[in-house]
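For reference, the structure is listed below as structure tokens.
Every number in this text was worked out from the coordinates using simple rules, so none of it is lab data. Note that the structure is predicted; figures quoted are calculated from it, not measured. Note that we place each Cβ from the backbone using ideal geometry, even for glycine, and neighbour counts take in every protein chain shown.
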Amino acid sequence: MSYSNKTFLKDVFLITISAFGGPQAHLVLFFEYLVNKRKYLSEEELTELIALCQMLPGPSSTQTLLAIAYKKGGFKLAMLTLLIWMLPAFIIMTAIALFVTQFKYLPEMSKTLQIAQFIQPMAVGFVGYGAVKITQKLVNTKTGIVLLIFSALATYLLRSPWAFPAVVVIGGLVTALKYEKQEKMEKKKFVISWRYFIVYGGVFIIVASLGLITKSMPNSESISLPIRLFENFYRNGSLIFGGGQVLVPALYNEFVAFKKYLSSDEFLSGYALAQAVPGPVFAFSGYIGGLSMRNFGTWGIFVGSFVASAGIYLPGAFILFFVLKFWEQLKLYRPVRASLEGINAVSAGMVVAAIFTISENITPNFTNIAVMLFTFSALMFTKLAPPIIILIGIAGGIGFSLL
């Protein structure tokens, strides 16, 4: 059954308000809503897109969702999807920046988020469920099992932004050697459309040039700072591999240690608050951009949050659309199709590694372990929808904080 774009966007909204816990937990929701429930694409196709986005700079779960939307409805649907996906977190993080600026109430605000104290252990349950399902469906050879173990160990131990694309390439190369087992397909003329890549590079050059020009003009800080912020986040969005866990230290070094737009306490407290907000981790950029322009009042916070959010998401989107244009052509070649077995296996290994990475920040007490097991079991053995499970967890957090 073919669903309308309107139905697709409604599904994206349901995913967005349920998307706690980082990119690996988000991928579980993609499988539940977009594959199992609606069948917009197959499990193999989704895993293929996940692996492709791991090799590209930018927010991996955001790009995966955009790739699905682009394949279904083109550029317009992809942009509407991005808007719905980022909007709730953007509004919340901008509001937090406003609240912090107006009332200096950050410590007390952090305490009120005890109601969301079960979100992180629930994320472990979501990721654990995703690891089991992905492994069951897509890793069914001895080579795949070996690559899964290699990927899980490499990405967990190395913690490098380059580990993610490197592991994907290695996994693909290993199984590409078995290309002779693939059926030959008729190849078409290989055509690359450079439109989106030109847009990506053009925006970068124009904004960097405007930043230099306005910076040298007297009394132009209210104009030059938003342009420079956009360039700063556009650059980070172009260079960050590995998602939010890599983005955060990069932003800390630039905006706290070097430019001193925020204090260390403001940055770390804001990041802690961002963990309790649904949607992409990259939405934290809006908070940083807002506080970077707080000296210009309320309008400055809105502008700073907007340009930071646009800057962090757009480069990854442009690069993704550029690659998707010739990805289907590449798959006509037997080595490329053979490489998908290894790419799927290492992608599953990254999800396994994420279980342990997320768990490191959680106190291993009885309550948290019980929440993890409840979440995993509810997903695995019941038909409860993810938003319902999350609401149960939030209700539990409220009750636990009251006690």
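Starting with the highest mean, order 278-286, 170-178 by the number of other Cβ atoms within 10 Å, averaged over the residues of each peptide. Numbers along the way, then the final one.
Numbers: 278-286: 27.4, 170-178: 19.6.
Packing order, densest peptide first, comes out as 278-286, 170-178.
Between the alpha-carbon centers of the stretch 58-81 and the stretch 324-396, tell me the distance in whole angstrom.
19
List, in order, the whole-Hz ³J(HN,Hα) value for each residue of the stretch 70-83 obtained from phi through the Karplus relation with A = 6.51, B = -1.76, C = 1.60 and θ = phi - 60°; use x for Gly and Pro.
5, 5, 7, x, x, 4, 4, 5, 4, 5, 5, 4, 4, 4
For the peptides 338-351, 290-303, what is the packing order when you average, over each peptide's residues, the other Cβ atoms within 10 Å and list the highest mean first?
With the highest mean Cβ count within 10 Å placed first, the list reads 338-351, 290-303.
Between K6 and I149, 0.36 nm times their residue separation minus their Cα-Cα distance comes to what?
Gain in length upon complete extension: 47.5 nm.
Compute the relative contact order of the chain as a whole-number percentage, counting only Cα pairs closer than 8 Å that sit 6 or more residues apart in sequence.
Worked out over the chain, it gives 34 percent.
At 0.692 mPa s and 37 °C, plugging the Kirkwood radius over alpha-carbon pairs of the stretch 194-238 into Stokes-Einstein gives what diffusion coefficient in µm²/s?
Details: Rh = 10.9 Å.
Approximately 301 µm²/s, per Stokes-Einstein.
Please quote Rg/Rh for the stretch 341-384 to two decimal places, taking the Kirkwood radius as Rh and restricting both calculations to Cα atoms.
In the stretch 341-384, Rg relative to Rh is 1.10.
Once you've got the Cα coordinates, tell me which of K72/K137; K76/K181; K72/K184; K37/K184; K133/K178; K6/K383 are over 29 Å apart. Please list the in-between numbers first.
Working: K72/K137 23 Å; K76/K181 39 Å; K72/K184 27 Å; K37/K184 33 Å; K133/K178 25 Å; K6/K383 25 Å.
In this structure, K76/K181; K37/K184 exceed 29 Å between Cα atoms.
I'd like to know how the stretch 254-403 sits against the 2.2 N^0.38 Å rule of thumb: what's its Cα Rg over that expected value?
Here the Cα radius of gyration is 1.42 times the empirical estimate.
Please find, in a Gaussian network model of the chain (springs between Cα atoms separated by less than 10 Å), the residue of Y287, Y156, Y179 whose mean-square fluctuation is greatest.
Y179
If you take the Cα Rg of the stretch 195-318 and divide it by 2.2 N^0.38 Å, with N the number of residues, what do you get?
So the stretch 195-318 has a normalised radius of gyration of 1.03.
Once the dipole of the chain is set up with Lys and Arg at +1 and Asp and Glu at -1 on Cβ about the Cα centre, which of F190, F150, A208 lies farthest towards its positive end?
The residue sitting most towards the positive pole is F190.
Counting each DSSP H run of 4 or more residues in the chain as -39500 (n - 2.57), what helix-only mean residue ellipticity at 222 nm follows after dividing by all residues, to the nearest 500 deg cm²/dmol?
After summing the helix terms and dividing by residue count, I get -25000 deg cm²/dmol.
On full extension of the chain, what length is gained from V199 through K331, given 0.36 nm per residue of separation minus the C-alpha to C-alpha distance?
Length gained, V199 through K331: 45.0 nm.
Expressed in nm², what is the orientationally averaged projection area of the convex hull enclosing the Cα positions of the chain?
Working: hull surface 83.4 nm².
Result: a mean projected hull area of 20.8 nm².
Starting from the Cα gyration tensor of the stretch 11-70, multiply each eigenvalue by 5, take the square root, and state the resulting semi-axes largest first in whole Å.
They are 16, 14, 9 Å, listed from largest to smallest.
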